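S.K.: Before I ask anything, let me first share the structure, which is written out below as structure tokens.
The values are calculated or read from the model by the stated rules, or taken from the named source; none is laboratory data. Source: prediction; values computed, not measured. Counting neighbours? That spans all protein chains shown, and the Cβs are built from the backbone with ideal geometry, glycine included. With ligands, DNA and RNA removed, areas are computed over all heavy atoms of the protein, side chains included. Shrake-Rupley method; radii C 1.70, N 1.55, O 1.52, S 1.80 Å.
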4 protein chains.
Amino acid sequence: MSLPDEFHDLAQRVNNWGRWGADDEIGTLNLITDEVVREAAATVRAGLRVPLALPLQQDGVQSGLVPGRINPLHTMVQINQELFGPGTVATSDDSAVLSLQTATHWDALTHASHSGRIYNGRPADTITAHEGARFSGIGTMPPVVSRGVLLDVARAHGVDRLPGGHAVTPEDLEAAEELAGVRVRAGDVVLVRTGQVRVYLAGDKNGYGYPSPGLSIRTPEWFRARDVAAVANDTLTFEIFPPEIEDLWLGVHALDLVEMGMPQGQNWNLEALSTACADRARYAFLLSAMPEPFTGATGTPVAPVAVL
Amino acid sequence: MSLPDEFHDLAQRVNNWGRWGADDEIGTLNLITDEVVREAAATVRAGLRVPLALPLQQDGVQSGLVPGRINPLHTMVQINQELFGPGTVATSDDSAVLSLQTATHWDALTHASHSGRIYNGRPADTITAHEGARFSGIGTMPPVVSRGVLLDVARAHGVDRLPGGHAVTPEDLEAAEELAGVRVRAGDVVLVRTGQVRVYLAGDKNGYGYPSPGLSIRTPEWFRARDVAAVANDTLTFEIFPPEIEDLWLGVHALDLVEMGMPQGQNWNLEALSTACADRARYAFLLSAMPEPFTGATGTPVAPVAVL
Amino acid sequence: MSLPDEFHDLAQRVNNWGRWGADDEIGTLNLITDEVVREAAATVRAGLRVPLALPLQQDGVQSGLVPGRINPLHTMVQINQELFGPGTVATSDDSAVLSLQTATHWDALTHASHSGRIYNGRPADTITAHEGARFSGIGTMPPVVSRGVLLDVARAHGVDRLPGGHAVTPEDLEAAEELAGVRVRAGDVVLVRTGQVRVYLAGDKNGYGYPSPGLSIRTPEWFRARDVAAVANDTLTFEIFPPEIEDLWLGVHALDLVEMGMPQGQNWNLEALSTACADRARYAFLLSAMPEPFTGATGTPVAPVAVL
Amino acid sequence: MSLPDEFHDLAQRVNNWGRWGADDEIGTLNLITDEVVREAAATVRAGLRVPLALPLQQDGVQSGLVPGRINPLHTMVQINQELFGPGTVATSDDSAVLSLQTATHWDALTHASHSGRIYNGRPADTITAHEGARFSGIGTMPPVVSRGVLLDVARAHGVDRLPGGHAVTPEDLEAAEELAGVRVRAGDVVLVRTGQVRVYLAGDKNGYGYPSPGLSIRTPEWFRARDVAAVANDTLTFEIFPPEIEDLWLGVHALDLVEMGMPQGQNWNLEALSTACADRARYAFLLSAMPEPFTGATGTPVAPVAVL
């Protein structure tokens, strides 16, 4: 099997290899300049903070659909342990086992590869069991603090949640932009709301993962045209699943991560943000979504916060 | 053994139990109001982002000093796996085993207890192996976005690093405040720099942990007077270790976490921030330091970022 | 809620506290004497080895029924890593996250407690997050090598598998003994086959766990009368689940582990052994079922082998 | 760098590829026949059971010498949890994070590769992050129950422990055989005692690992001549470390595992066995050393037991 011609056409149009030099490891995060950050800080009006992460717990979004990806297992290592003798101050300590892509997360650019290549044309086999990702791992990501823009596609469609077969198109994004009254520009982090996370929040893990609305194979070109820094949404798979084009699985991943060098976020809970933005009729905000700096990792949990 | 009278006197002076109601679980984080956040956003001038987390890796700060606390173990679960057949888009996935207090972290209020009590007077045995912390766990923490203030005690002393036996006193904090040209106020997150993390960065894990400069037993009262929201520093133990008062181990933990209900941060790398602040002669900034929402946990890794 | 009178009557009849001294931690494993082992070795006729463990893998028996108990997650830490330079000998290393009671396992005596007590009358709170089980943990178990006897209850009933609601009674055990042509005696390790593991082997994890045939609350007295050293079977819950007596959950666990001090084994795959024994009309054999010596643990994976 | 000619000469002399067919995955474990097992059972005289595993605990043999290999982390998931309500029977559950080669273990044949090949000439890249070892993983190992023979080289030399620079030679093995009064034969599992584990037992982890006595590059040929089924010893590295031949690191691993297809065991505690054998002047016994069946793994903890 090989990737269809349509994929290669799109790849060519969105490709950013070499754009920031042959040594670049961070792709579109280069677009978050000091000026972008200054303007992002200036969007803060109310001082309201809206957290966007799902809880990290055994009862998480993983249902067995993705092989080897498990829900977080949290265990206590010490409970009220009086380490220095009876009657002294006690401490509790804990540990966790964590699939790095388990819940609300960023994909590193190295989370996907195709045709033996990762972002910027490096060989895919620079990812090893010993080192993880030698290039473009999570540990190399700069701080992700920028202007966030919510593109509330579900709300623009007048629904709580897009149906399972809905591929979010550039036209959908522009309708949501119009609803938002804000134009997406270079360096923005775009949050695309489908409402799909409501299925998980209502207790149906299997229904959450599949079938799922998600981004269309046509969206990477739109993100490339606007030069956004990163995109996240509220689904397990990010892109529509199963895919629009037969046998083109994970095509959006390949275009965003490998070709464009743009990080993706998944399983972000955008429900409270949707309400907060609608209430204020303001869809741009300061967003902080810091990767946990796991050396060599291809993904990271993230606890994003929007400050309105 | 029992806690000395001196401890109980201090406890009474800093105690916040009931201050935000009998049901409160978040303590001094109540002090981060919308207004505080608006003013924090307004401190951003340059748009510079300074990350404050140490890498999460096997070669981390844990040396075996703290029982059961291990350095992060990162492993690849899939490497360039063509899940949908040969020639298709490939993905890489990873997992990690993580002591939640292993590297740059927040202590939940429940990380410490004494005399059978946690913050707000609840029984310590509400922390169990099954649930973790039923109250005041990491999962209940609100977003930590506020004004950050660097109190660069090492720089105020004209040294790269305070010596191992140096207990940082309220007078030290005020000298650093003077250097900073900013007055700490309600809702601030205070970052206290000792320079001790340089020992770890230079490759000496054992020397990093012990002996270590750190906060004096007299500082909680100062933080209480200023009503700060949280305090973090660049040491393994937060407080001076071994302690100033014989047999009063972890007294600062007990005062801050249990009595005052104020979260503590440890192993924060404040070196780059120290330079950035000194270069600009500005020591106040927007700080985002979001807890990863592990349900029931008593600690969390954090990837803080200062935006100047 | 308190345990019913019927439970306390049974408890009194099977109780072994103090039988091997106040300091004893190993209960009925004391019954495996050198002589028992010599006779066990003498049962070997064919030299045939039948392994009894299920594979340790993500696709294991855990379905979410037992809170916090997960299937094994195996990950590669190194793959063909040439640690000493290109062209040198390469090694591969792996790690696993393992619920100790996840698949084929022994329960330590401390796996259960009731009324605040563990085996031999010790307080249950000697099990802590810091140390695990201070007494009667897996690390204190002596080698489990003895005569094994298969009581093939399913075969004695002429079925492949007992139905979900079948509580295996002392009468069932005696019928199986008759089929086996061997009398269970002191120090034996008894393997009770229900055939239930066939449900898991056929791919139905949920059906495997619940409802499940299993040992009746009346069996501990029979095991006590015969002075067996340990009992294992081929179910997730060991005892019939849901239980025979309303509101007496895990009563067999409490009688066997706490009162009698007799280890239990679960999720043993007895299918091949059933065939091997029937083919030879021999149901007694040498059994080796060594606990992995996790210090302080309340359970352990085990890879038992019957040698016929 | 490439492997020296001397290595290739030895490899040719010990190679077993194809000996048990092109499809074989288990190598010399084929030599454990029913007859060997019958004779092994017949060696049991006293009924004495000697366990050979080190405890699995945080304070284990790993010192950081081997990258990514950590000591076991044991944590409680439930402690005396009354799952069915207050006053009901309570249970305790635990989990562990385990490097599969961490303490007393078997290496699978796939633990080593060289020149792109694993045992029986299969490509080394059949080991992947997704599946682990597709061939010759731990999950394919048959039961390891056979005659064990202790070759007590330290005792034959009249010392408690061989010095760090001592490479155990075929002549050493034959001297130990003479002391034992038993001739090693096909299908035996040979345990070679150097006494090195005493360094760890005395509390010196660093000294245990390096420098270490161990098997000489000349021993594989001797094991091949005797057609032993497997070999284990009481060191971290199995072979002498650093190696006898400059730049030939892990040469014994490559000869035993890759060329001969013979499993190796490391970190076996042979101290009690040494005494037991010397006391009885009997060095042959029944050995059970069952791998835990981790699917696709390249190593496994093992809790071996010698029955004398």
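S.K.: Summarise the long-distance tail of P(r) for segment C:74-200 by giving the % of C-alpha pairs beyond 23 Å.
M.R.: Values: 4887 of 8001 pairs.
The proportion of pairs with Cα distances above 23 Å equals 61 percent.
S.K.: Per residue in segment A:290-308, which ones lose no less than 50 Å² of accessible surface when going from chain alone to all protein chains (1.4 Å probe)?
M.R.: A:Met290, A:Glu292, A:Pro293, A:Phe294, A:Thr295, A:Ala303
S.K.: Would you please classify the overall shape of segment B:1-86 from the alpha carbon gyration tensor, given that a ≥ b ≥ c denote the square roots of the eigenvalues, rounded means a/c under 1.5, and beyond that prolate means a/b larger than b/c while oblate covers the rest?
M.R.: Details: a/c = 2.40, a/b = 1.45, b/c = 1.65.
In terms of gyration-tensor shape, oblate.
S.K.: Put B:Val144, B:Val182 in order of accessible area, largest first, 1.4 Å probe: what do you get?
M.R.: On the way: B:Val144 0, B:Val182 25 Å².
Largest accessible area first, the residues go B:Val182, B:Val144.
S.K.: Across the residues of C:143-155, average count of Cβ atoms on other protein chains within 10 Å?
M.R.: Details: counts 12, 4, 9, 2, 0, 0, 0, 0, 0, 0, 0, 0, 0.
Across C:143-155, the average partner-chain Cβ count within 10 Å equals 2.
S.K.: Name the shape class, rounded, prolate or oblate, that the alpha-carbon gyration tensor gives for segment B:161-308, where a ≥ b ≥ c are the square roots of its eigenvalues, rounded holds for a/c under 1.5, and otherwise prolate holds if a/b is larger than b/c and oblate otherwise. Provide the component values of the computation, followed by the final result.
M.R.: On the way: a/c = 1.18, a/b = 1.11, b/c = 1.06.
Here segment B:161-308 falls in the rounded category.
S.K.: Going by the alpha-carbon gyration tensor, a ≥ b ≥ c the square roots of its eigenvalues, is segment C:31-139 rounded (a/c under 1.5) or, if a/c is not under 1.5, prolate (a/b greater than b/c) versus oblate?
M.R.: Oblate, since a/c reaches 1.5 and b/c is not below a/b.
S.K.: How big is the equivalent ellipsoid of chain A along its three axes, where each semi-axis is √(5λ) from the Cα gyration tensor, reported in whole Å from largest to smallest?
M.R.: On the way: eigenvalues 177, 120, 88 Å².
They are 30, 24, 21 Å, listed largest first.
S.K.: If you take every DSSP beta bridge whose two residues both sit in the protein assembly as shown, what share of them, in percent to the nearest 5, is antiparallel?
M.R.: Numbers: 132 of 192 bridges.
The answer is about 70 percent antiparallel.
S.K.: May I ask you to give the solvent-accessible area per residue for the protein assembly as shown, in square angstrom, as obtained with a 1.4 angstrom probe?
M.R.: Details: 37920 Å² over 1232 residues.
Here the residues of the protein assembly as shown average 31 Å² of exposed surface.
S.K.: Scan around C:Arg193 for amide H atoms under 5 Å from its own, H built in the peptide plane at 1.01 Å from N, and keep only partners 5 or more places away or cross-chain.
M.R.: C:Leu151, C:Asp152, C:Val153, C:Ala154
S.K.: List the residues of segment A:99-137 that lose 20 Å² or more of accessible area once all protein chains are present, compared with their chain alone (1.4 Å probe, heavy atoms only, no ligands or nucleic acids).
M.R.: Going by heavy-atom accessible area, the residues of segment A:99-137 that drop by at least 20 Å² are A:Leu100, A:Gln101, A:His111, A:Ser113, A:Ile127, A:Ala129, A:His130.
S.K.: Which of C:Ala42, C:Ala175, C:Ala154 ends up with the largest GNM mean-square fluctuation for chain C, with Cα atoms connected below 10 Å?
M.R.: Result: C:Ala42 has the largest fluctuation of those listed.
S.K.: State to the nearest 20 debye the size of the charge dipole of segment B:196-277 about its Cα centre, where the only charges are +1 on K and R beta carbons and -1 on D and E beta carbons.
M.R.: Values: 5 positive and 11 negative charges, 51 e Å.
The calculated dipole for segment B:196-277 is roughly 240 debye.
S.K.: Hey, for C:Val159 with labels 7 Å out along Cα-Cβ, what do the inter-copy distances come to in nm, ordered shortest first?
M.R.: Those label-point separations list as 4.8, 6.5, 7.8 nm.
S.K.: For segment A:64-104, which whole-number percentage of the solvent-accessible area (1.4 Å probe, protein heavy atoms only) is attributable to carbon and sulfur atoms? Working shown, then result.
M.R.: Details: 520 of 900 Å².
C and S atoms contribute 58 percent here.
S.K.: Less than 21 Å apart at the alpha-carbon level, and either on another chain or at least 8 residues along: which lysines does that give for A:Lys205?
M.R.: In chain and number order, the partners are C:Lys205.
S.K.: Also, I was wondering about something else. Please compute P(r) over all alpha-carbon pairs of segment C:84-151, binned at 5 Å starting from zero, and give each bin as a whole-number percent.
M.R.: That works out to 3, 12, 15, 17, 14, 11, 8, 6, 6, 4, 3, 2, 0, in percent per bin.
S.K.: Another question, if that's okay. Please report, in debye to the nearest 20, how large the charge dipole of chain D is about its Cα centre when each Lys and Arg carries +1 at its beta carbon and each Asp and Glu carries -1 there. Present the calculation step by step, with values, prior to reporting the outcome.
M.R.: Working: 22 positive and 37 negative charges, 125 e Å.
Charge dipole, chain D, about its Cα centre: 600 debye, nearest 20.
S.K.: While we're here: Per residue of D:58-69, how many C-beta atoms from partner chains lie within 10 Å of its own C-beta, taken as a mean? Working shown, then result.
M.R.: Numbers: counts 7, 3, 1, 0, 0, 1, 6, 0, 5, 9, 13, 7.
That average works out to 4.
S.K.: So, counting K/R as plus one and D/E as minus one, what does the shell of residues with Cβ under 11 Å around D:Val153 add up to? Let's see the in-between values first.
M.R.: Working: positive: D:Arg155, D:Arg161, D:Arg193; negative: D:Asp152, D:Glu171, D:Asp172, D:Glu174, D:Glu177, D:Asp234.
Taking every other residue near D:Val153 into account, the sum is -3.
S.K.: Take chain C, connect every pair of alpha-carbon atoms lying under 10 Å apart with a spring to form a Gaussian network, then pick out the residue of C:Ala103, C:Ala202, C:Ala284 with the largest mean-square fluctuation.
M.R.: Largest GNM mean-square fluctuation: C:Ala202.
S.K.: Could you give the semi-axes, largest first, of the ellipsoid that matches segment D:186-272, computed as the square roots of 5 times the alpha carbon gyration tensor eigenvalues and rounded to whole Å? Could you put the intermediate results ahead of the total?
M.R.: Numbers: eigenvalues 96, 53, 15 Å².
In descending order the semi-axes read 22, 16, 9 Å.
S.K.: On the protein heavy atoms, probe 1.4 angstrom, tell me the percent of accessible surface of segment B:158-211 carried by carbon and sulfur. Working shown, then result.
M.R.: Values: 1130 of 2340 Å².
That share works out to 48 percent.
S.K.: How large is the convex hull of the Cα atoms of segment C:234-308 per residue, expressed in Å³ as a whole number? If you can, show how the numbers build up before the last one.
M.R.: On the way: hull volume 9.4 nm³, N = 75.
Cα convex hull per residue, to the nearest whole number: 126 Å³.
S.K.: Then there is this: Could you tell me the center-to-center distance, by alpha carbons, between segment C:148-196 and segment A:99-117 in angstrom?
M.R.: When both Cα centres are located, 51 Å separates them.
S.K.: Moving on. Out of B:Asp227, B:Asp279, B:Asp204, any idea which swings most in a Gaussian network model of chain B, alpha carbons joined below 10 Å?
M.R.: B:Asp279
S.K.: Here's another thing I want to ask about it. Percent of accessible area on segment A:221-277 owned by carbon and sulfur, 1.4 Å probe?
M.R.: Values: 580 of 1160 Å².
C and S atoms contribute 50 percent here.
S.K.: Now a separate question. Each residue of segment D:93-101 in order: what ³J(HN,Hα) in whole Hz does its phi give by Karplus 6.51 cos²θ - 1.76 cosθ + 1.60, θ = phi - 60°, with x for Gly and Pro?
M.R.: Karplus values, whole Hz, x for Gly and Pro: 10, 9, 9, 9, 9, 9, 6, 5, 9.
S.K.: May I pose another question? Would you work out the relative contact order for chain C, in percent, from Cα pairs under 8 angstrom that are 6 or more residues apart? Can you show the working numbers first?
M.R.: On the way: 709 pairs, mean separation 92.5, N = 308.
Worked out over chain C, it gives 30 percent.
S.K.: What number, rounded to the nearest 500 deg cm²/dmol, is the helix-based mean residue ellipticity at 222 nm of chain C, given -39500 (n - 2.57) per DSSP H run of at least four residues and division by all its residues?
M.R.: Working: 8 runs with 61 residues, N = 308.
One gets -5000 deg cm²/dmol as the mean residue ellipticity at 222 nm.
S.K.: A follow-up question, please. Looking at B:Gln12, B:Ala129, B:Ala281, which one has the Cα that reaches farthest to the positive end of the dipole of chain B (charges on Cβ: Lys, Arg +1; Asp, Glu -1)?
M.R.: My answer, from the dipole projection, is B:Ala281.
S.K.: Additional query: Roughly how big is the B-A contact, given as buried accessible area in Å² (both sides, 1.4 Å probe, nearest 100)?
M.R.: Details: alone 13550 and 13540 Å², together 20350 Å².
Using a 1.4 Å probe, the pair buries roughly 6700 Å².
S.K.: Averaged across orientations, what area in nm² does the convex hull of the alpha carbons in segment C:155-219 project? Intermediate values should be presented prior to the final figure.
M.R.: Values: hull surface 19.4 nm².
Average of the hull's projected areas for segment C:155-219 equals 4.8 nm².
S.K.: Provide the convex hull volume over Cα atoms per residue for segment B:127-171, in Å³.
M.R.: Details: hull volume 7.8 nm³, N = 45.
Spread over its residues, the Cα hull of segment B:127-171 gives 173 Å³ apiece.
S.K.: Can you work out the Karplus-derived ³J(HN,Hα) for every residue in segment C:129-138? Use 6.51 cos²θ - 1.76 cosθ + 1.60 with θ = phi - 60°, whole Hz, and x for glycine or proline.
M.R.: 5, 6, 9, x, 7, 5, 10, 6, x, 4
S.K.: A further question follows. Roughly how big is the protein assembly as shown's charge dipole about its Cα centre, with Cβ charges of +1 (Lys, Arg) and -1 (Asp, Glu), in debye to the nearest 20?
M.R.: Numbers: 88 positive and 148 negative charges, 1 e Å.
For this selection, approximately 0 debye.
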